[in-house]
Amino acid sequence: MAEASAVEIWRELAAAYGADGRFYHTLTHVEHTLDVAEQLREVAVDFTAVQLALWFHDVVYDPRRSDNEAESAAYAVRVLRPLGVPDDLLAKVTNLILATQTHEATNDPDGWVMLDADLAILSAPPAQYDAYAQAIRQEYSFVPEEAYVAGRTAVLQKFLARKPFYLTAWMQELRDTAVYENLSRELAELEKRDTENAEKK
C-alpha cells in the first residue's frame with residue numbers, strides 16, 4: 001500500500017513540476033538542488049529532511065501568488081503523513097520549505113544546505129545562468145517589461161548585498177565569486193534595458 005502511494009505521489013510531483021507555465025521551477029531544478037545538497041551532506045544534521053524539503057519546495061508554484069512556499073509545505077505534509085512520516089520530520093520539512101520564501105540566513109545547518117542548494121543556480125556557468133534568467137522572465141511573462149525590470153533589479157540588488165552569499169563554507173569558497181559575477185552581469189543588462197525603455201517613451 002505504501003509503495004503504491006509513493007508511486008502516486010511521484011506521479012503528482014512530476015505533473016506539478018511539469019505544468020504549463022513552468023520554465024525554471026521544474027524537475028530539472030529539483031534534480032540540480034538534490035545534486036548540490038549531496039555535495040553538502042556532511043553539513044546537514046537531518047539529510048532526509050533536506051531531501052524531502054527539496055523535492056516538495058516548489059510543488060506549488062504560481063508567480064502571481066505570495067503563498068507558494070506555505071502551500072508547498074502544506075502539500076508535503078498532506079501527502080507524506082499517510083505514509084507514516086513522523087510529525088517531527090514533517091515539522092522540519094515544513095520549516096525548511098518556508099525558509100525558501102526569504103532565503104535569509106538561519107542558525108540551522110539543514111537550512112544552510114537547503115538554501116545553498118536552492119540558490120546554487122546563481123553560481124552556474126554564465127550560459128547556464130543566462131538560461132535561468134531567461135526562464136524566470138518567461139515565468140513572469142504576464143508582468144510588463146518595465147515592472148519586471150524594476151522588480152528583478154530589486155531582487156538582484158538584495159542578493160548582491162549578501163556578504164558572503166552562500167551559507168556553507170564549501171559553497172562560499174568555491175562559488176561565491178561566480179554568484180557576484182552573474183548577478184552583476186544580469187543587473188547591468190537590466191539597467192541597459194531600463195535605459196532603452198526610457199528612451200522609447
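The values are calculated or read from the model by the stated rules, or taken from the named source; none is laboratory data. As the structure is a prediction and not an experimental result, all values here were calculated from the model. Heads up, the Cβs are rebuilt from the backbone with ideal geometry, glycines too, and the neighbour counts pull from every protein chain shown.
General remarks:
- Scanning the range 6-34 for residues that are part of a helix (DSSP H, G or I), free of Cβ contacts under 8 Å to residues at least 12 places away in the same chain and not small (Gly, Ala, Ser) yields 7, 8, 10, 11, 28, 31.
- Matching residues, the range 80-104, being assigned to a loop (DSSP other than H, G, I, E, B) and either at positive phi or surrounded by 16 or more Cβ atoms within 10 Å (Cβ to Cβ) (or both): 84, 85, 100, 103
- Test result for residue 54, at pLDDT below 95 and among the aliphatic types (A, V, I, L, M): no
- Filtered by the rule that a residue be of a type in the set (Ser, Thr, Tyr) and more than 15 Å from the chain's Cα centre (by Cα), the range 97-139 gives a lone residue, 106.
- Checked against (1) farther than 24 Å from residue 22 by Cβ; (2) surrounded by 13 or more Cβ atoms within 10 Å (Cβ to Cβ), residue 159 passes all but a single condition, namely (1).
- Residues that are without any contact (Cβ under 8 Å) to a residue 40 or more places away in the chain and either aromatic (Phe, Trp, Tyr) or surrounded by 14 or more Cβ atoms within 10 Å (Cβ to Cβ) (or both) within the range 165-180 comprise 172, 180, listed in sequence order.
- Filter result for residue 26 (closer than 20 Å to residue 122 by Cα and among the hydroxyl-bearing types (Ser, Thr, Tyr)): yes
- Residue satisfying condition, being farther than 19 Å from residue 113 by Cβ and in contact with an Asp or Glu (Cβ under 9 Å, 6 or more places away or on another chain), within set 139, 186: 186
- Out of 71, 12, one residue alone is under 18 Å from the mean Cα position of the chain (by Cα) and modelled with pLDDT of 95 or more. It is 71.
- Candidate set: the range 44-79, residues that are hydrophobic (A, V, I, L, M, F, W, C) and part of a loop (DSSP other than H, G, I, E, B); chosen: the one surrounded by the fewest Cβ atoms within 10 Å (Cβ to Cβ): 45
- A single member of 33, 26, 48 is in contact with an Asp or Glu (Cβ under 6 Å, 6 or more places away or on another chain), at pLDDT 95 or above and of a type in the set (Ser, Thr, Tyr), and it is 33.
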